[in-house]
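The structure under discussion appears below in the form of structure tokens.
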Amino acid sequence: MSYETTLSHDEHHAEHPTGLKRWVFTTNHKEIGTLYLIFSLIAFMLGGAMAMVIRAELFIPGLQLVNPEFFNQMTTMHALVMIFGAVMPAFVGLANWMVPLMIGAPDMALPRMNNWSFWILPFAFFLLLMTLFLPSGGPASGWTLYPPLSLQGGTNIAFVIFAIHLMGISSIMGAINIIVTILNMRAPGMTLLRMPLFVWTWLITGFLLIAVMPVLAGAVTMLLTDRFFGTSFFNAAGGGDPVMYQHIFWFFGHPEVYIMILPAFGIISEILPTFSRKPLFGYTSMVYATASIAFLSFIVWAHHMFTVGMPLGGNLFFMYATMVIAVPTGVKVFNWISTMWRGSMSFETPMLFALGFIVLFTIGGFSGLMLAIVPADFQYHDTYFVVAHFHYVLVTGSVFAIMAGVYYWLPKWTGYMYNEKLGKIHFWWSAISVNVLFFPQHYLGLAGMPRRIPDYAVQFAEFNMISSIGGFAFGLAQLLFIYIIWQAARGGERATDQVWDGARGLEWTVPSPAPLHTFDTPPKVDDSVTVHSDTLA
Amino acid sequence: MKRTNELIVALAVMAVIIVVTWGIYAVGDNMPGGVTPFSKDVYQLHNVILAVVTVIGVLVFTAMFTSIIVHRKSKGQEPAKFTHSTAAEITWTAIPVLILVIMAIPATGVLIDMEETGGADINIKVTGYQWLWQYEYLEDEIGFYSTLDRDSNAARQINSGVDVHTVENYLLEVDKRLIVPTDTKIRFLLTSGDVIHSWWVPELGWKRDAIPGMVNEAWTLIEEEGIYRGQCAELCGKDHGFMPIVVEAVSPSEYRQWVADRKAEQAAEAGDEPSEVQQITAADEPAHNADQG
Amino acid sequence: MAEHYYVPHTAKWPIVGSIGLFVMMLGAGSWLNQAAIGPWFTLAGSVIVLVMIFGWFAQVIGESEQGLYNRAVDGSFRQGMIWFIFSEVMFFAAFFGALFYARMFAVPWLGGEGAGAMTNELLFPEFDAAWPTAGPAQLGGDFQIIPAFELPLLNTLILLTSGLTITLAHWALKKAKRGALVGWMAATVALGSIFLYFQASEYVHAYQDLGLTLGSGIYGSTFFMLTGFHGLHVTLGTIMLIVITLRCMAGHFSKKNHFGFEAVAWYWHFVDVVWLGLFVFVYVI
Ligand code: HEM
Ligand SMILES: [Cu+2]
Ligand SMILES: [Cu+2]
């Protein structure tokens, strides 16, 4: 499948706009990758600010700062911004930057569409965030937008639905581009089983995205017609069922959570071998584990709705299927630890974040396994226990992996080493505060505190205060992150081409910073450039 | 030499991890065991699965931190070259599968038990509204609305000036409690008059969604007299945090007395019985609209 | 054929498309909330999007005709189109899913089957589950449905035939028989248009004579949303067919290099297959 892919120079340097135009009209995968990453960082700060509002209100019992409607808008918006604005675009940005470099391609397969995928996002988010300033305020029914509650919202719901449509279009186009790049643009010799795991995980993530984003579009379209055009999909009086929305939504929603973790698995699988100076353990089983997780993610959706009153058989099926997902997930963790085992490890910031990921993501996986046990979920569901679970997998999972990836590849992007000392401070500060933030939420949930409430009974006061303190500290730590990136973008110690002495792979064969155009002539690939292959030994 | 090194470190690491884990549990493993046969089953399941993940966690993290401590470049470790081991990979696929199967069996048993709603002595219809609960005792044809009590309601207003610590059972008290008998199989029939709510009393061991246009079933059998508090567990709008549930379990004889009293009361107030939910909301929560933005 | 993978230096149309979509969505949202400017914004946005589509495609077609694209670029376009169609399939899957869920679970439960015994007894004791239904409240009033083996059957035959004619056109193109190519394409366009005409008249009939509307409970919802989105796709497909026919007449496409033609043909087959699903699950069963 790998065609000769070369790029002609004169074509390229004919015209190169500068300033704003450069960024608006660019077709270059590195520039678009940068745009995605900056967008993601802004969204991360915005979503973080909303989280600060939430934690501030929950600092002590009683209502002090915001009224309940606004509180609900904050929880809803926080989730939407973090999921669709911070985590997903960050992974797409990393894919844009790294996938062509990793497979030896001159650019993404469909460069114009690549530009469009990105440039839809700012408009989509403007539409979404704008609703906060409407007289009726923003959406307040949780990011899941369950009807009938979501249909009670005033003017905002139509805009929110259209914003989701736009984000969906953007994600689908981005995913198509990445998949086609991987399948069609590999350098000669870059066989599928020589691909770095980051590329593999993105290939599978791309498939998930194309399969489920349209389903989300369908679900919210039905919301729209129920609200404005008199249909009764989710209205029992007309023969529909509010629970039907939840089925369709979670058919999207569960794969969506894997969309947010599979590329993270890929990043960790790149970083660990580098800093262990040892090939990835069980490459092939990693690929199979990823594929089986993706497959299983289509048949577990109703574990998010065990309490809606499904028939016994339904609850049992979804319980068993969910438990099965823990197996390939376990394989991954065991393989990572075996990669480290008898390696020669050093602990630069990317490695620290990767190790933090493994420990904390695993804790999130454990609570996931607990949530899979239906009778126990009847207690855990919709409490802070679930909140703790998904923040362990999403913050210390996805977000830590993104940060690990940023530190890992930043020298390749900017040509300068970041400040290692500050990087380590950032890690330790984040790792400690994030546990202060989220670990007590397990206790809160088990003790009976429901999620999505602006005020709580006094017996929950201590843990909430601890959690809020952790939250503020974690928020502050991220300002340091921005500073470190800004610093590394401006200058510092020059990075070598290889950057890390244990690093293998095509992306380390190009200069640092990576020039705008790389692999104009496709490189020849054999086992010597891939540290990942277990066919090596 | 090297192997003994790894072993010693591993033992030390494991000891530390076990102490940390113990500390974590000591801080607050605070899920209630509950007062019904299957709330206790659920508690049991929770403890078992927690133990399982704890043991797995201790083993995994021991291996990981041992490696982190021993296999360092700064200690002059030369990296090994192995890249896979079919035996190991099969083992750590097979053992988890086995553990999961063992976990699934009791979980299935408890679930089947919970779904067995037949043969109840009392049927109570529970209807969620924004933001209060309606209870109807189907056999005795009595019913009432249950809403956040006045003290909590006054204190929870933004900048109310009331110290919520001074309010007894802040946010967990209602004007009219759900009175039920102990040692009696009670079936709940849950539905909603507007959006989705979820009826949850932790001590009973489950929560179940109250969905408009659908009736869900669940049952309980309370073994101890007492007052059990819970809250709505599904986001239902602005006052979702303010529609508590209070169940008061009394002896069957007290219960029959209460039913008789309640019936008489209801007969007396027949005619002007509040059938309109709105009326209740307006009457009992005067400050309701104050914080509507 | 070019030796290099063609990477354009700039892309001016995407931002136009983004602005167009934004104006359109902003307008549609305002329109739904009864703002007077809503329709105008929607219109303006749609015009911008249309301009973008024409501009973008014209540019790509121009580059293709200049021979800037090599086999690899062609491969990217092909794979891209396949994945796009897959995403469309999944969009329809959401609505088919709703139909199946309603028929297999929601409606029987409301009627008291299985888990719905108490739902029926307490809330809707009068309701007997049957399909079609407008639900316990008979939302939208009484209605009759459109019999499968009249117009819908005819429409099925029309679409199937159009699948055949477009394949014949493709064969003609591969044999470089321009006349036959344009002829078969024209036939396909005609069949697509007839289908749309019948579909439209069926809607008018449903609204005016049968009492079947979008508001006719879950039956009306699934019926009109599924057939409506399908109709929209046929409309789009027909427009694409017209453009391709014009391009054939203008002498575009060669025996070997005619991805634009094939992409539209694939799309048309996809629309065709969705219709078969609709015919079976919406009309017949
Ligand atoms: C071992 C693997 C996992 C299992 C068995 C698992 C299981 C579950 C279950 C059963 C729930 C529903 C809890 C409830 O609402 O009662 C849940 C919620 C959730 N999980 Fe996981 N999970 C796993 C991994 C992940 C990963 C990797 C992610 C994302 C990166 C994730 C993200 C979430 C989110 C976001 C929710 C809550 C969604 C919401 O209600 O808003 N989980 N998980
Ligand atoms: Cu899930
Ligand atoms: Cu609620």
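Checking every one of the GluC sites (Glu not before Pro) in the stretch C:118-173 against DSSP loop status and a limit of 11 other Cβ atoms within 10 Å picks out C:E126, C:E150.
The gain in end-to-end length when the B:K176 to B:D140 segment is fully stretched comes to 11.2 nm, 0.36 nm per residue minus the alpha carbon separation. Short-range pairs are left out: with C-alpha atoms under 8 Å and at least six residues apart, the relative contact order of chain B is 18 percent. Relative to the current alpha-carbon distance between C:I61 and C:W40, full extension at 0.36 nm per residue lengthens the span by 4.4 nm. Panel order for B:R208, C:R103, B:R256, by other beta carbons found within 10 Å of each beta carbon, from fewest to most: B:R256, C:R103, B:R208.
The mean sequence separation of alpha-carbon pairs under 8 Å and at least six residues apart, normalised by the residue count of chain C, gives a relative contact order of 17 percent.
Could you tell me the calculated FRET efficiency between B:A88 and B:A12, based on Cβ-Cβ distance and R0 = 25 angstrom, to the nearest 0.05? It would help to have the intermediate numbers written out before the result.
Values: r = 24 Å, r/R0 = 0.95.
My answer for the efficiency is 0.55.
When Lys and Arg each count +1 and Asp and Glu each count -1, what net charge do the other residues less than 10 Å away from B:K81, Cβ to Cβ, add up to?
Numbers: positive: A:K278, A:R342; negative: B:E78.
For residues surrounding B:K81, the net value is +1.
Scalar couplings 3J(HN,Hα) for the stretch A:475-482, obtained by applying the Karplus form with A = 6.51, B = -1.76, C = 1.60 to θ = phi - 60°, are x, 4, 4, 6, 5, 4, 4, 4 Hz; x denotes Gly and Pro.
Could you list, in their original order, any pairs among A:K30/A:K412; A:K278/A:K332; A:K30/C:K256; B:K125/B:K185 whose Cα atoms are separated by more than 22 Å?
A:K30/C:K256
Looking at chain A, which longest stretch skips every one of the GluC sites (Glu not before Pro) that is in a DSSP loop with at most 13 other Cβ atoms within 10 Å, leaving the sites themselves out?
Details: sites that count: A:E15, A:E493.
Longest gap between qualifying sites, sites excluded: A:16-492.
Taking the longest Cα principal axis of chain A as reference, the axis of helix A:384-393 is set at about 10 degrees.
Simple spin-label estimate for B:I227 and C:F281 gives 5.3 nm between the two label positions (7 Å along the Cα-to-Cβ direction from each Cα). Projected label points at B:D121 and C:F149, each 7 Å from Cα along the beta carbon direction, are separated by 6.0 nanometres. In this simple spin-label model, placing a label point 7 Å from the Cα along the Cα-to-Cβ direction at both C:L232 and B:W22 gives a separation of 6.3 nm. Residues whose amide H comes within less than 5 Å of that of B:A210, counting only those at least five positions distant or on another chain, are B:H197, B:S198, B:W199 (H built at 1.01 Å from N in the peptide plane).
Just to verify a number: FRET efficiency for B:R72 and A:M130, C-beta to C-beta distance, R0 = 60 Å, to 0.05?
Values: r = 52 Å, r/R0 = 0.87.
FRET efficiency, B:R72 to A:M130: 0.70.
Over the stretch B:122-271, calculate the relative contact order: mean separation of alpha carbon pairs under 8 Å at least 6 apart, over the residue count, as a percent. Here the relative contact order equals 26 percent.
R0 = 41 Å: FRET efficiency of A:W428 with A:L65, Cβ-based, nearest 0.05? Walk me through the numbers before you get to the answer.
Values: r = 30 Å, r/R0 = 0.74.
Efficiency computed from Cβ-Cβ geometry: 0.85.
No value in this document is a laboratory result; all are computed from the given coordinates. Computed from a predicted structure; not experimentally measured. Glycine also receives a Cβ, built like all others from the backbone with ideal geometry; neighbour counts cover every protein chain displayed.
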